[in-house]
Every structure is written in structure tokens, then in C-alpha cells.
1. Give me 201, 103, 141 sorted ascending by neighbouring Cβ count inside 10 Å, so fewest comes first.
2. May I ask you to list the residues of region 184-211 whose amide nitrogen lies under 11 Å from a point 7 Å from Cα along the Cα→beta-carbon direction of residue 247?
3. Using 0.36 nm per residue of separation minus the Cα-Cα distance, give me the extension gain between residue 68 and residue 132 in nm, one decimal.
4. By counting other Cβ atoms within 10 Å of each Cβ, how are 40, 207 ranked from fewest to most?
5. Can you work out the PRE-style zone for residue 2? Point 7 Å along Cα to Cβ, and I want the residues of region 53-83 with backbone N under 17 Å.
6. Which order results if 76, 7 are arranged by neighbouring Cβ count within 10 Å, fewest first?
7. Over all distinct alpha-carbon pairs, what is the Kirkwood Rh of region 8-241 in angstrom?
8. Taking square-rooted eigenvalues a ≥ b ≥ c of the alpha carbon gyration tensor, is region 123-248 rounded, prolate or oblate, where a/c under 1.5 means rounded and, failing that, a/b exceeding b/c means prolate?
Ligand code: NAD
């Protein structure tokens with residue numbers, strides 16, 4: 001079902017994991033896809049080729065999502081290349097875990113800047129474009145730990161909770177202009193990010209999940225597809241948990 005045909009999506013941090021699954025899912029649904037990545041390592045070119053072969057336009061752009069000036073430059077280039085942006089997915093994110101008592105200022109700043117300020121950067125710059133187009137869908141990648149907190153992740157949880165407050169506020173400001181803003185709060189999703197966690201922690205998490213498995217990037221991409229498309233046309237300012245029941 002080509003429910004995104006004619007739309008252009010921008011996904012940040014999309015060369016692997018959840019971002020990549022979303023970029024592929026949107027392309028399958030007929031969207032043209034622009035995506036960003038931080039470091040050049042061949043993965044961007046590979047994704048461009050895979051998505052272009054699906055019959056839509058696709059281009060990757062190297063840009064640090066945490067850098068406002070770089071974001072302005074990249075959005076300008078995307079508009080020059082694609083002409084419009086209908087869907088924005090603020091997906092880029094990092095972890096630098098540690099207990100508060102041992103957390104450095106650098107760990108705090110890096111996570112808040114990459115996970116939260118990046119969403120401000122892209123949203124601030126793209127909202128006027130969407131307003132001129134009279135609509136758009138913005139999806140911010142939060143986390144269940146932004147809803148419930150998590151020992152050892154105060155920086156990450158704060159950044160993800162911040163995204164929820166940010167999304168709800170922008171949803172209220174921009175609703176009258178037809179721009180919807182929602183969050184996805186994934187639980188334990190099997191990606192490079194979670195494979196870095198200790199084995200015991202991953203096992204404990206999987207056991208505590210009612211659906212008895214970690215999620216896949218595609219599980220999250222399916223929610224993103226719903227929020228990006230007109231199937232969710234009356235949904236804004238919401239957080240959708242995608243967590244196998246972990247947070248129910
Ligand atoms: P991942 O580490 O596999 O992918 C993150 C991507 O973001 C990478 O491609 C990375 O290069 C990119 N990125 C990081 N910093 C960037 C920057 N400054 N500029 C541009 N790109 C940057 O992680 P993932 O598991 O696919 O996570 C994707 C998103 O989902 C993140 O925001 C993460 O916090 C969130 N999330 C993941 C899980 C999980 O269990 N995996 C759970 C909840 C939320």
C-alpha cells in the first residue's frame with residue numbers, strides 16, 4: 001500500500017538500526033527519502049542504492065544533528081534537491097550511560113545535545129517549511145525510559161523525557177497550521193545501541209517483557225509509518241509506546 005506516495009521524508013541518523021528500518025519502510029510506502037548520518041563509512045551509499053532501487057528518490061547527507069548551523073545547511077540542500085519536506089523523523093540518538101554519582105559533565109552534555117537539541121534544531125528549521133506547505137508530520141524518537149526513568153541513564157532518560165515535553169508543546173503551537181507532532185517510545189529494541197549493554201541486563205529486560213522478546217527495528221518502523229501517514233490524521237501530541245507491553 002503506497003500510503004506515502006508523493007511525500008518527502010527526512011530521517012536523521014538513518015544508516016543503521018531503527019532509522020534505517022524507518023527509511024526503508026517509508027520508501028516501501030512510496031515516499032522519497034532524505035536521510036542524515038554522522039560519519040561516512042559506506043553505509044549511506046549502500047542505503048541510497050537500496051532505496052533508489054525501490055523506485056523512489058533517496059539521498060544521504062553527512063551532518064551532525066546536534067549542530068544548528070550544520071542542520072540549517074543540510075535542510076537548505078534537501079529543499080534544493082527534493083523541493084519539500086512532509087515528514088520529519090528525529091531519530092538520531094546516543095547513550096553514554098553511568099550512575100549519576102559517576103556521571104561527567106561531558107556525558108551529560110553529549111547526550112542532551114545529540115538527543116534533545118538535535119530535535120529542536122531540525123524542528124525549528126523545518127516547521128516554517130511545513131507551515132508554508134500547510135501540513136506535516138513530525139515524529140520524535142523518545143524511549144520508555146523517558147516515561148519511567150532508568151537507573152544508570154539519567155542523562156538519556158532526561159533527553160527522552162525532554163523530547164516528550166517538546167513534542168507536546170510544538171503540537172499545541174503548530175496544530176492550527178496542520179502540523180502534527182508525536183513521539184514513539186520504544187522499549188528494548190535489538191540494535192547496535194542495545195547490543196552494547198551487558199548480556200545480563202539484556203536477558204533481564206527480555207524476561208520482564210510481556211511479549212517475551214525484544215522488539216525489532218521494523219516493529220518501530222511500523223508505528224512510524226502510521227504516524228507519518230494520513231492514517232493518523234487526528235493524532236497529535238501523543239506518545240506511542242512500542243515496547244511489547246513493558247510499560248503497560
Ligand atoms: P543506533 O545507535 O543503532 O543508531 C543511532 C543512529 O544515530 C546511528 O546511525 C548514529 O550514527 C546516528 N547518530 C548519532 N549521533 C548523531 C548525530 N550527532 N548526528 C547524526 N546522526 C547521529 O541506535 P538505534 O537503537 O537505532 O536508536 C535509534 C533511536 O531510537 C535513538 O534515538 C535511540 O535513543 C532510540 N531508542 C532506541 C531504543 C533501543 O532499544 N534500541 C529504545 C528506545 C529508543
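No value in this document is a laboratory result; all are computed from the given coordinates. Note that the coordinates shown come from a computational prediction; the quantities given were computed from them, not determined experimentally. Cβ coordinates were reconstructed from backbone atoms using ideal geometry, including for glycine residues, and neighbour counts include every protein chain displayed.
1. By the 10 Å Cβ count, ascending, the order reads 201, 103, 141.
2. Zone members listed by number: 184-188.
3. On the way: separation 64, 0.36 × 64 = 23.04 nm, distance 2.13 nm.
Separation in residues times 0.36 nm, less the Cα-Cα distance, equals 20.9 nm.
4. Numbers: 40 11, 207 8.
So the ranking, lowest neighbour count to highest, is 207, 40.
5. 53-58
6. Values: 76 11, 7 21.
The order, fewest Cβ neighbours first, is 76, 7.
7. Numbers: mean 1/r = 0.0562 Å⁻¹.
In region 8-241 this quantity evaluates to 17.8 Å.
8. Numbers: a/c = 2.56, a/b = 1.94, b/c = 1.32.
Prolate.
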